[in-house]
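Asker: Below: one structure in structure tokens.
The values are calculated or read from the model by the stated rules, or taken from the named source; none is laboratory data. Everything quoted here is computed from the prediction, not taken from an experiment. Please note: Cβ atoms are built from the backbone with ideal geometry, for glycine as well, and neighbour counts cover all protein chains shown. With ligands, DNA and RNA removed, areas are computed over all heavy atoms of the protein, side chains included. Shrake-Rupley method; radii C 1.70, N 1.55, O 1.52, S 1.80 Å.
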Amino acid sequence: MAENLNDQEKSILQKFLDENVLFLGPDPEIMDNHKLAPESAAETRALAVFNDADQMNLVRHKLQTACNESFDMVEQMGAAPGAKWGDLISGVWTASGDLALSSAGGVLLFSVLTQHPVKFIIKYWMKEPTVGVRPGDIFMHNDARYGNIHNTDQSVIIPVFHEGELICFTGAMVHEGENGATEPGGMPSKAESPFDEGLKMPPFKVGENYTFRKDLMTFLQNSVREPKLQLEGMKSKLYAAMRMESRIKEAIGEYGLEAVLATLRRTLTSTAEEVRRRLRDWPDGTIRQNVFPDGTLRENVLLRLRLAMTKRDDELILDFRGSAPEFVNRANNTVLASCKGMLAQEFLTFVWPDLPRNQAVFEPMTVITDANSALNCSANAPNAQSMMTFFPSFTAAQLAVPKLLYSSKFKATDVVSGWYNMIVTFIYGGLTQHQELVGNLCADLNGMGGGARATRDGEHSIAPIFAPMADIGEQELIEEETPIMKIVPNRVMRDNQGFGKFRGGHGYQQIATVKDSALWGFMCCSIGSKFPSTHGIFGGYGAGTYPLCKVKDVNVFDEMKDRRELLRFSVEEIMNERPFKDASYSTHHMGMQLEWVTSGELYMLTQGTGGGYGDVLERDPSMVVDDYRDGLISKRTVEQIYHVRIDEARKAANLEATAAAREAERGKRKKLGKPYAEFVKGWETKHPPAHLPFYGSWNDPKLIYRGTPTDTCPADAMAGVMMPDPKDVRIAQLEAKLAQQEKV
Amino acid sequence: MSTRVAITEYLEIELNSERWHCRSCGHDIASARENYKTGLLVYDRDPREIHAPILDETKYEFTYAPDPTWCRIVEFYCPSCGTQIENEYLPPGHPLTHDIELDIDKLKQRHLAKEGQ
């Protein structure tokens, strides 16, 4: 504001500026702050009269039950695969916008994100004469840049009033799937800008008097491939929000308004206090962890995500500076708020699952990043596939936490190794056998392999890293609705194990095809085909790498009509034995943009394993034999990884021979291993190798590499990376080949 | 009364001497104020030895095995008993990670004070 204006002129100018904002974009004041709002006057008054811990506990349980009830409602009513199998959450926000309680199950990382859109509504729409916030209003939102995971998730939020006063908000968020993006299914890895990602809804009003506006509903339905799903998803979320509103009014009727206000506020502050108390039990210090996502989904590149996690007294600082830059025309960028949500997931599910599900769990934590980096991207970078960077950031934290938690006296759970972190499934789009246009995903991505624990093996295909109580869906139901047939739906894969004293849980393989559709496409969106995405802890090994396998130029239904002997039940057998004579067999990284499929062609994916825990030579030989007997591992793994010898006659471990084999292996290690200083001398290089498309810092977190050893930028002036179209790259390769041949 | 604090499955810190020790054999590894890895043996392993190719390498580019030109497994062994204390999955030549750097003074304060020492 000009310095030479008098107070009146300044006031007039400020009023003009306030009333003439050209565009209410994401507000940094809201988006950069994940802390609790200050206690309001109403909350202070309420806490003065309602502060009995036992009574508060009763009210809290009533509200928690309301959250769980509404969660169940959406899960039962929802039409999207994500809704049906638990990829949702429902909750209650305070009148200041803090999420105080949410459903116990579902996608808990929403817990640390959903306050942003509510706070936007409070800040901008409450006093805005063209919008306003009144009883019965319905708001909606999906854009990650205003606080969300990615824009395939949609939320419905309603304000709750009592005697004319706003007392809280209720609502639900669901991974709906379809949103009109450039590819079906809501997670377009082909997006080159935010405008390729479909609906981009800042928080806005879509209904009044508990009724959706027909014109806006029509607009939204007209913007997506599944208009019926759009309507149905919004309705189920609204009814869940309304049910919670009823339960809150019942609680007010039973205990009084102050009871509800005080309980919501105290739940937040006591959760934050409890997290601080638990953090004080951890040793002070810094833990460092690197992870290396190996693709953008359109090409294989190597990103470095660098974490220095410092615990000091009762706070935890997660410093990701020195990580890879953003890719301005790739969808694998993360909005910082989404990153915080995913990091909070580690603590909500894997470290302190006994705490109330609310945003205060993350309150004592601080996240530091470089601006315009892969974990804190600019508003102009697409982010629909942010999971490709924020899942690995979660893994970095999950691998770091045990190094502080192990020596802590209090543990709410076991110490756990890296959970498998990728969404290995098929996203689909096209015409169903019922002639309906659809786009969505198969919920079997929810079957990630569990990490090994300090006391036991990890579970097979147990749960996704982002939701503790989600399910993988029933194949029969999928086949009723879509033309997808899984020749082999969910079968664990041999040797797909994070080896260790305790092993990670296996992931499953799935072999899919299409039947009875004239127009059908698959895409898939995972990384980890060249560099493992999940590691082990304390000497345990991580996951392997996973390809997308295809068998094209075949119709397996025709081939197998009279020759059932051609059927194979594993990717390994199909790809190595090649039972279909004239078919073409190929492998690829797991980032496939939408590809049209002909009936009977095979697309095959494998879920990875959770990381192993501890030295493989300490695994109980009988557990190795059990895994071998169960077909989970091969003889090679028994002998060359675990160094166990089996007495074939007794089908049991030969303990004497095993002890000798393991002693020999220990001796071999001592022979092969070099002293640290000597090893470093021969190992470390000044720059990333020239053959690696490497993005991020190498030995200096302040210097960022951008794909080659000579292309660098300072970390505090990060320059986003623009990638060439993979098709152009391929054309150039083929042209060069052609030119070479022409020369000959 | 123990003055050793277990930090990981295989590492502990002896508080009075401020030294890292192997929990499997008791070997004295390094100063607790330094990177414990400096006292271990280190080996650069081809990741295919652990995550063996499942698909035929002669036929396919992606085989379920990590690409050894992109990823190496750096293994850290106790020089005394050969226990694999830690490993890192790293691109070739990538600086090794000083992963655990604890505030030793605070650690001593907490544990020794608690034990009345």
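Asker: Please work out the Kirkwood hydrodynamic radius for segment A:488-528, using every pair of different C-alpha atoms, and report it in angstroms with one decimal place.
Answerer: 13.1 Å is the Kirkwood radius here.
Asker: From the C-alpha coordinates alone, can you work out the Kirkwood hydrodynamic radius of the protein assembly as shown, in Å? Show your work: numbers first, answer last.
Answerer: On the way: mean 1/r = 0.0354 Å⁻¹.
Hydrodynamic radius (Kirkwood, Cα only) of the protein assembly as shown equals 28.3 Å.
Asker: Ok, one more. What ³J(HN,Hα) values, in whole Hz, does the Karplus curve 6.51 cos²θ - 1.76 cosθ + 1.60 give for segment A:652-659 when θ = phi - 60°, with x put for Gly and Pro?
Answerer: 9, 6, 8, 5, 5, 5, 5, 4
Asker: For segment A:234-358, what class follows from the C-alpha gyration tensor (a ≥ b ≥ c being the square roots of its eigenvalues): rounded when a/c is under 1.5, otherwise prolate if a/b is larger than b/c, else oblate? It would help to have the intermediate numbers written out before the result.
Answerer: Working: a/c = 3.74, a/b = 1.52, b/c = 2.45.
The shape class here is oblate.
Asker: Which order do you get for B:LYS106, A:LYS311 if you rank them by accessible area with a 1.4 Å probe, largest at the top? Can you show the working numbers first?
Answerer: Working: B:LYS106 90, A:LYS311 5 Å².
Greatest to least solvent exposure: B:LYS106, A:LYS311.
Asker: Can you give me the solvent accessible area of A:ILE731 with a 1.4 Å probe, rounded to the nearest 10 Å²?
Answerer: Result for A:ILE731: roughly 90 Å² accessible.
Asker: Compute the distance from the alpha-carbon center of segment A:688-723 to that of segment A:502-562, in whole Å.
Answerer: Centre-to-centre distance over Cα atoms comes out at 31 Å.
Asker: Calculate one ³J(HN,Hα) per residue across segment A:438-445 by plugging θ = phi - 60° into the Karplus curve 6.51 cos²θ - 1.76 cosθ + 1.60, and present them in order as whole Hz with x for glycine and proline.
Answerer: 9, x, 5, 9, 8, 6, 5, 4
Asker: Return the ratio Rg/(2.2 N^0.38 Å) for segment A:690-744, where Rg is computed over Cα atoms only.
Answerer: On the way: Rg = 16.0 Å, N = 55, 2.2 N^0.38 = 10.1 Å.
The value comes to 1.58.
Asker: Additional query: Beyond 25 Å, how much of the Cα-Cα pair distribution for segment A:316-436 remains, as a whole percent?
Answerer: So the pairs more than 25 Å apart make up 33 percent of the total in segment A:316-436.
Asker: Here is a further query. So how tilted is helix A:726-743 from the main axis of chain A? Cα-based, degrees 0 to 90, rounded to 10.
Answerer: In chain A, helix A:726-743 runs at an angle near 40 degrees to the longest axis.
Asker: Can you classify segment A:502-562 as rounded, prolate or oblate using the Cα gyration tensor, where a ≥ b ≥ c are the square roots of its eigenvalues, rounded means a/c under 1.5, and otherwise it's prolate if a/b beats b/c and oblate if not?
Answerer: Here segment A:502-562 falls in the prolate category.
Asker: Residue separation times 0.36 nm, minus the C-alpha to C-alpha distance between A:THR366 and A:LYS651: what's the value?
Answerer: Numbers: separation 285, 0.36 × 285 = 102.60 nm, distance 5.32 nm.
Gain on stretching A:THR366 to A:LYS651: 97.3 nm.
Asker: Ok, one more. What size of dipole, in debye to the nearest 20, comes out for segment A:1-153 about its Cα centre when the only charges are +1 on Lys and Arg C-beta atoms and -1 on Asp and Glu C-beta atoms? If you can, show how the numbers build up before the last one.
Answerer: Values: 12 positive and 21 negative charges, 45 e Å.
Dipole size: approximately 220 debye.
Asker: So for the pair A:LEU738, B:SER17, with labels modelled 7 Å out along Cα→Cβ, what separation do we get in nm?
Answerer: 7.2 nm
Asker: Give a residue-ordered list of calculated ³J(HN,Hα) values for segment A:590-605 (Karplus: 6.51 cos²θ - 1.76 cosθ + 1.60, θ = phi - 60°; whole Hz; x for Gly, Pro).
Answerer: 8, x, 10, 6, 3, 10, 6, 10, 9, 3, x, 7, 10, 10, 10, 10
Asker: Placing +1 on the Cβ of each Lys and Arg and -1 on the Cβ of each Asp and Glu in chain A, which of A:VAL301, A:GLY539, A:PRO382 has its Cα farthest towards the positive end of the resulting dipole?
Answerer: Comparing the listed Cα positions along the dipole, A:GLY539 ranks first.
Asker: In percent, what relative contact order does segment A:600-730 have, based on Cα pairs under 8 Å that are 6 or more apart in sequence?
Answerer: Here the relative contact order equals 11 percent.
Asker: Then there is this: Would you check the accessible area of B:HIS111, probe 1.4 Å, heavy atoms only, in square angstrom rounded to 10?
Answerer: The accessible area comes out at roughly 40 Å².
Asker: Defining a contact as two alpha carbons under 8 Å apart and six or more residues distant in sequence, what relative contact order in percent does segment A:241-399 show?
Answerer: About 26 percent, as a whole number.
Asker: For segment A:54-97 and segment B:3-61, compute the distance between their C-alpha centroids and round to whole Å.
Answerer: Taking the Cα centre of segment B:3-61 as reference, the centre of segment A:54-97 is 44 Å away.
Asker: Looking at chain A only, what percent of DSSP beta bridges run antiparallel? Nearest 5 please.
Answerer: That works out to approximately 90 percent antiparallel.
Asker: Then there's this: Report, by chain and number, residues whose modeled amide H sits under 5 Å from the one on A:ASP143, excluding near sequence neighbours (fewer than 5 apart, same chain).
Answerer: A:MET201
Asker: Counting only residues 5 or more places away or on other chains, whose amide H sits under 5 Å from the amide H of A:ALA653 once H atoms are built in the peptide plane?
Answerer: Hits under the 5 Å cutoff: A:ASP647.
Asker: Just to confirm the number: angle between the C-alpha axis of helix A:336-345 and the first principal axis of chain A, 0 to 90 degrees, nearest 10?
Answerer: 70 degrees
Asker: So, in nm, how far is label A:LEU24 from label A:ASP54 when the simple model puts each one 7 Å beyond its Cα toward the Cβ?
Answerer: 4.6 nm
Asker: Based on alpha-carbon positions alone, could you give the equivalent ellipsoid semi-axes of segment A:443-506 from the gyration tensor, as √(5λ), descending, whole Å?
Answerer: Here the semi-axes work out to 27, 14, 6 Å.
Asker: Can I ask one more? Could you please put A:VAL416, A:VAL680 in sequence from largest to smallest accessible area, using a 1.4 Å probe?
Answerer: Output order, biggest surface exposure first: A:VAL680, A:VAL416.
Asker: Once every DSSP H run of n ≥ 4 in chain A is given -39500 (n - 2.57) and the sum is divided by its residues, what mean residue ellipticity at 222 nm do you get, rounded to the nearest 500 deg cm²/dmol? Before the final figure, lay out each step's value.
Answerer: Numbers: 19 runs with 222 residues, N = 744.
The helix-only estimate for chain A comes to -9000 deg cm²/dmol at 222 nm.
Asker: Please give the average number of partner chain Cβ atoms lying within 10 Å of the Cβ of each residue in A:397-407, rounded to a whole number. Could you put the intermediate results ahead of the total?
Answerer: Working: counts 0, 0, 1, 2, 0, 2, 7, 3, 0, 6, 11.
Mean partner shielding for this stretch: 3.
Asker: Return, in residue-number order, each cysteine of chain B whose C-beta is not under 4.7 Å from any other cysteine's C-beta.
Answerer: Lone cysteines by the Cβ rule: B:CYS71.
Asker: At a probe radius of 1.4 Å, what is the per-residue accessible area of A:TRP698, in Å² to the nearest 10?
Answerer: Its heavy atoms expose roughly 0 Å² to the probe.
Asker: Explain nothing, just the number: relative contact order of chain A, from Cα pairs under 8 Å at least 6 residues apart, as a whole percent.
Answerer: Contact order relative to length: 13 percent.
Asker: Given Cβ point charges of +1 (Lys, Arg) and -1 (Asp, Glu) and nothing else, what value in debye, to the nearest 20, does the dipole of segment A:526-578 about its Cα centre take?
Answerer: Approximately 180 debye in magnitude.
Asker: Here's something else I'd like to know. Taking H placed 1.01 Å from N in the peptide plane, check which residues at least 5 places from A:ARG225 or on another chain put their amide H under 5 Å from its amide H.
Answerer: Amide H neighbours of A:ARG225: A:ASN179, A:GLY180.
Asker: As an exercise, find the ratio Rg/Rh for segment A:357-506 from alpha-carbon atoms, using the Kirkwood inverse-distance average for Rh.
Answerer: Radius of gyration over Kirkwood radius for segment A:357-506 works out to 1.03.
Asker: Here is a follow-up. First check a/c for segment A:171-324, with a ≥ b ≥ c the square roots of the eigenvalues of its C-alpha gyration tensor; if it is under 1.5, answer rounded, and if not, answer prolate when a/b is larger than b/c or oblate otherwise. Walk me through the numbers on the way to the answer.
Answerer: Details: a/c = 3.73, a/b = 1.10, b/c = 3.40.
Verdict is oblate for segment A:171-324.
Asker: Run the quick spin-label model on A:GLU476 and A:ARG564: label points 7 Å from Cα toward the beta carbon, then report their separation in nm to one decimal.
Answerer: 2.0 nm
Asker: Let me ask you something else. Which pairs, out of A:LYS411/A:LYS501; A:LYS501/B:LYS59; A:LYS84/A:LYS581; A:LYS702/B:LYS59; A:LYS340/A:LYS411; A:LYS190/A:LYS515, put more than 30 Å between their alpha-carbon atoms?
Answerer: Table pairs above 30 Å Cα-Cα are A:LYS501/B:LYS59; A:LYS84/A:LYS581; A:LYS702/B:LYS59.
Asker: Still on this structure, please answer the following. Once both axes come from the Cα atoms, what is the angle between helix A:7-19 and the longest principal axis of chain A, in degrees from 0 to 90, rounded to 10?
Answerer: So the inclination is approximately 50 degrees.
Asker: Okay, moving on. Give me the inter-chain shielding for A:124-134: mean count of other chain Cβ atoms within 10 Å, whole number please.
Answerer: 0
Asker: Let me ask something else about it. Quick one: order A:LYS205, A:LYS127 from most to least accessible surface, probe 1.4 Å.
Answerer: Sorted by accessible area, descending: A:LYS127, A:LYS205.
Asker: Sticking with this one: Can you give me the accessible area per residue for chain A, using a 1.4 Å probe, in Å²?
Answerer: Per residue, chain A has an accessible area of 37 Å².
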